[in-house]
Amino acid sequence: MATDYDAPRKTEEDLSEDSLQELQARRSDKNSGVVDEDETEAAEGFELPGADLSGEELSVRVLPRQADEFTCSHCFLVHHRSQLAFEKDGQPVCSECAA
C-alpha cells in the first residue's frame, strides 16, 4: 500500500477514535455478511461445461456379489475373500480398513 508522506499524521487520540468507530462499524456489519443460501439450490444451477449427460446410457453390466466375495462392514465395498482381514461381531472387515 502506498504511503502519502505529505499528509498530516494522526495523533494517538485520533487513532483511538478511528479504531472505536471501525469497531462499531464492524459490529453493525457483522450480521450483514451472513448469507442464507441453500446448497442444493446453488448446486442445481451449477453446470460443468460440456457435462450434459442426460442422453447417456450406462454400458456397464453389474454383477451380483459372488460366493467368494464379501462386503466390508467399514467401507461397504465388495472384496474378494482373500482381502478379508478379520470379522468383528460377525461383520467382515477388509485388509485396507484393518490397516
Item to check | Amide H contacts of Ala85 (H built 1.01 Å from N, under 5 Å, at least 5 apart or other chain) | outcome: Val93, Cys94, Ser95
Next on the checklist: Through the Karplus equation 6.51 cos²θ - 1.76 cosθ + 1.60, θ set to phi - 60°, convert the phi angles of region 39-48 into ³J(HN,Hα) values in whole Hz; use x for Gly and Pro.
Outcome noted: 5, 5, 5, 5, 5, 5, x, 9, 10, 7
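Every number in this text was worked out from the coordinates using simple rules, so none of it is lab data. Remember, predicted model here, so these are calculated numbers, not experimental data.
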